[in-house]
Amino acid sequence: MATARRPKLAVWKFASCDGCQLSLLDCEDELLAVAGAIEIANFPEASGAIAKGPYDVSLVEGSITTPHDEERIHAIRRSSKTLITIGACATAGGIQALRNFKDVREFTSIVYAKPEYIETLNKSTPIRDHVPVDFELRGCPVDKGQLVEVLSAFLNGRKPNVSNYSVCVECKRRGTVCVMVAGGVPCLGPVTQAGCGGLCPAYARGCFGCFGPKETPNTASLSAAWQEKGATEQELVHVYRTFNASAEPFRKASEAYEH
Ligand code: SF4
Ligand code: SF4
């Protein structure tokens with residue numbers, strides 16, 4: 001009797017630090033269980049054995065920053081039944097999207113001895129700006145529990161159980177006393193999407209927004225609360241401009257204070 005074909009998984013890298021792929025490798029036992037259900041067909045960070053596409057599920061890490069990236073992501077989309085982007089780079093352009101606020105030619109002229117050899121785009125953009133994306137998983141890096149949930153959801157044909165409420169909800173569930181209200185510590189938790197389990201406030205420090213903006217974030221209200229605690233306009237520009245600087249709500253929030 002013929003055995004059923006296992007779905008083929010591919011993992012792709014664009015401009016990124018590999019941290020999200022490492023989260024996948026860090027899944028250890030869960031990955032072994034997943035590996036029993038799928039064929040890891042193309043994952044250069046884990047194995048040199050590459051099987052040709054088409055692939056059932058592609059995980060894409062990193063942002064689009066070069067003309068070659070633009071061509072490659074279209075080829076990957078054509079060879080993928082389901083395409084899932086993982087991490088702040090792939091879903092918002094990443095820390096490298098800080099270039100989007102400046103002239104990248106100025107940077108290359110300072111950093112490289114021969115800037116004319118550098119082929120780069122003016123902006124770092126998320127994958128969804130170039131091809132249709134079936135699901136975006138946030139985080140810098142992504143949470144491995146959420147990653148396994150998303151993978152198993154797509155393999156079983158169901159909707160991933162990933163929440164889009166704020167980090168504050170996670171603090172309440174965890175029993176963490178609010179660092180901002182009780183401790184006066186500036187925190188981006190109220191406008192940041194949950195996913196980390198409320199990690200930083202549990203250690204008495206403010207959230208700096210690595211999971212990106214939550215659904216309908218009230219950044220104007222939070223910025224006013226930060227200013228009441230003494231934050232300057234320049235500091236507000238900086239707090240919104242980190243891993244998710246180009247995510248629209250954070251981009252607009254930072255631009256509101258840039259003169
Ligand atoms: S999202 Fe963060 S951890 Fe993931 S690849 Fe980008 S910089 Fe690295
Ligand atoms: S910065 Fe915010 S989203 Fe990131 S781990 Fe800390 S609390 Fe979670």
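Rg ratio for the stretch 174-259: its Cα radius of gyration over 2.2 N^0.38 Å, N being its residue count, equals 1.02.
Rounded to the nearest 20 debye, the dipole magnitude of the chain is 480 debye, with +1 charges on Lys and Arg beta carbons, -1 on Asp and Glu beta carbons, and the Cα centre as origin. Solvent-accessible area per residue in the stretch 122-259 equals 49 Å², computed with a 1.4 angstrom probe and all protein chains kept. Rounded to the nearest whole angstrom, the semi-axes of the ellipsoid equivalent to the stretch 109-185, taken from the Cα gyration tensor as √(5λ), stand at 35, 25, 10, largest first. Contact order for the chain, expressed relative to its length and based on alpha carbon pairs under 8 Å spaced 6+ residues apart, stands at 17 percent.
Across ARG77, ARG5, the residue with the most accessible area heads the list, and the full order at a 1.4 Å probe is ARG5, ARG77. In this simple spin-label model, placing a label point 7 Å from the Cα along the Cα-to-Cβ direction at both ASP26 and ARG158 gives a separation of 2.6 nm. Length, then width, then depth: along the principal axes, the Cα atoms of the stretch 29-165 run 49, 39, 27 Å.
Our estimate of slack between ALA4 and VAL177, defined as 0.36 nm per intervening residue step minus the Cα-Cα distance, is 57.2 nm.
Model label points for ALA225 and LYS102, set 7 angstrom from Cα along the Cα-to-Cβ axis, are 3.2 nm apart. The modelled label-to-label distance between ASP18 and ARG78, using points 7 Å beyond Cα along the C-beta direction, is 2.9 nm. Rolling a 1.4 Å probe across all protein chains gives TYR165 an accessible area of roughly 70 Å².
Computed over the chain, the per-residue total of -39500 (n - 2.57) for DSSP H runs of n ≥ 4 gives a 222 nm mean residue ellipticity of -9500 deg cm²/dmol, rounded to 500.
Rg/Rh for the stretch 104-259 stands at 1.03; both radii use Cα atoms, and Rh follows the Kirkwood definition.
Note on LYS52 and ARG205: with the Förster distance fixed at 45 Å, the Cβ-Cβ geometry gives a FRET efficiency of about 0.45. Rounded to 0.05, the FRET efficiency of the ASN122 and THR232 pair, given R0 = 25 Å and the Cβ-Cβ distance, is 0.30.
Each peptide among 9-19, 184-194, 86-96 gets the average number of other Cβ atoms lying within 10 Å of its residues, and from highest to lowest they stand as 86-96, 184-194, 9-19. Based on Cα atoms of the stretch 1-101, Rg over Rh with Rh as the Kirkwood radius reads 1.01. In summary, the convex hull built on the alpha carbon positions of the stretch 23-73 has an orientation-averaged projected area of 4.4 nm². Using alpha carbon centroids, what distance separates the stretch 15-50 and the stretch 194-227, in Å? Between the Cα centre of the stretch 15-50 and that of the stretch 194-227, the gap is 30 Å.
The values are calculated or read from the model by the stated rules, or taken from the named source; none is laboratory data. Computed from a predicted model, the values in this text were never measured in an experiment. Cβ coordinates were reconstructed from backbone atoms using ideal geometry, including for glycine residues, and neighbour counts include every protein chain displayed. In case anyone asks, the SASA skips ligands and DNA or RNA and just uses the protein heavy atoms, side chains included. Shrake-Rupley method; radii C 1.70, N 1.55, O 1.52, S 1.80 Å.
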